[in-house]
1. Restricting the search to segment 271-318, which residues are farther than 18 Å from TYR161 by Cβ, open to solvent by less than 30 Å² (accessible area, probe 1.4 Å) and in contact (Cβ under 8 Å) with a residue 60 or more places away in the chain?
2. May I ask you to verify whether GLY22 is open to solvent by 60 Å² or more (accessible area, probe 1.4 Å) and of a type outside the set (Asp, Glu)?
3. Consider LEU246 against the criteria (1) under 25 Å from ASN139 (Cα atoms); (2) surrounded by 14 or more Cβ atoms within 10 Å (Cβ to Cβ): it satisfies all of them except one. Which criterion is unmet?
4. For segment 178-188, give me each residue that is open to solvent by 10 Å² or more (accessible area, probe 1.4 Å) and farther than 14 Å from ASP142 by Cα.
5. Please enumerate the residues belonging to segment 271-306 that are within 11 Å of LEU153 (Cβ to Cβ) and among the hydroxyl-bearing types (Ser, Thr, Tyr).
6. Kindly establish whether GLY227 is surrounded by fewer than 16 Cβ atoms within 10 Å (Cβ to Cβ), modelled with pLDDT of 95 or more and in a loop (DSSP other than H, G, I, E, B).
7. Looking at (1) among the aromatic types (Phe, Trp, Tyr); (2) in contact with a strand residue (DSSP E or B) (Cβ under 7 Å, 6 or more places away or on another chain); (3) under 19 Å from LEU225 (Cα atoms), which is the only condition PHE165 fails?
8. With modelled with pLDDT of 90 or more, within 15 Å of the chain's Cα centre (by Cα) and surrounded by 14 or more Cβ atoms within 10 Å (Cβ to Cβ) as the only criterion, which of ILE138, ILE127 stands out?
Amino acid sequence: MAAHNPQLGPDGELRHLLSIEGLPRATLMQILDTARSFVSVTEREIKKVPLLRGKSVFNLFFESSTRTRTTFEIAAKRLSADVVNLNIATSSQSKGETLLDTVANLSAMHADMFVVRHASSGAPHLIARHVGPEIHVINAGDGRHAHPTQGLLDVYTIRHYKTDFTDLTVAIVGDLLHSRVARSEIHALTTLGVPEVRVVGPRTLMPPDIEKLGVRVFHDMREGLRGVDVVMMLRLQNERMSGALLPSSQEYFRSYGLTPARLALAKPDAIVMHPGPMNRGVEIDSAVADGPQSVILPQVTFGIAVRMAVMAILAGNG
């Protein structure tokens, strides 16, 4: 596997985090176990450890995302790294400099790690192929392709509340077609041994052949939620939609919004998750988002520890 996966070094060690697809279960467990040790750091009075002291982490966000960029910045600073945030929209990219030119110039400034978000699927992979062996690349979301740290923080959250992956039924609900989070999620859940992963949504927002990823497809919300342990709501990706795939957001909520009545179909101790930012009244009712089964805010907290874990592991692998 190591020979074919650009994320892994010759001994199977993690060199880049580009996608969860193709990563062995042992690597995912290493990240989750490392993240657990960092959760306590975030609860200290002094929230710093020196693991990345003297290292430079460049946040290259070619597509805006306040939450993801901020959590990566906090994670890097808690590891004592020097963090540089580039507002690409107003930088050299807008002057016609190519993606690889930008990366080459930053590499010449002795960058140690690039955190990349890009609207084009595959951009982080392209960068990873063109940097020196001492530089690590983390995909912070590329097009419709992948968002591996979001997938990892979600499975960390599930493990925190449910302990064991091998006896769970998880429902992922909403716009599966445009969601890079969902793809990362499905690969993580199936690799970690979750026996039943359901995807629930309208036919117009369901990728063709998604069953090949090992999931069960439901178009009826009530059937899809019946008896599940985890309900993961996806944001309606309005900015990635082309054409009229939905009649209206109100119509979407009537059919696929998570209400208290629909949540009651899941197990009584089911947890509710959302990658954020939420569209209240579109994917999720406020009574559910703010209710006792919601773990949406803990997801954000755990996300910092998971991103710290990924950066610490990469830095430790040279």
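1. Residues satisfying the conditions are GLU283, ARG307, MET308, ALA309, VAL310, MET311, ALA312, ILE313, LEU314, ALA315.
2. Details: open to solvent by 60 Å² or more (accessible area, probe 1.4 Å): no; of a type outside the set (Asp, Glu): yes.
For GLY22, the condition - open to solvent by 60 Å² or more (accessible area, probe 1.4 Å) and of a type outside the set (Asp, Glu) - is not met.
3. It fails just one condition, (1).
4. HIS187
5. Scanning segment 271-306 gives a single hit, THR301.
6. Details: surrounded by fewer than 16 Cβ atoms within 10 Å (Cβ to Cβ): yes; modelled with pLDDT of 95 or more: yes; in a loop (DSSP other than H, G, I, E, B): yes.
So GLY227 passes the test.
7. Exception for PHE165: condition (2).
8. Numbers: ILE127 fails: within 15 Å of the chain's Cα centre (by Cα).
When all the criteria are applied, what remains is ILE138.
The values are calculated or read from the model by the stated rules, or taken from the named source; none is laboratory data. All values reported here derive from a predicted model rather than from experimental measurement. All Cβ positions, glycine included, derive from the backbone under ideal geometry; neighbour counts span all protein chains shown. Remember, those area values only see protein heavy atoms, side chains included, never the ligands or the DNA or RNA. Shrake-Rupley method; radii C 1.70, N 1.55, O 1.52, S 1.80 Å.
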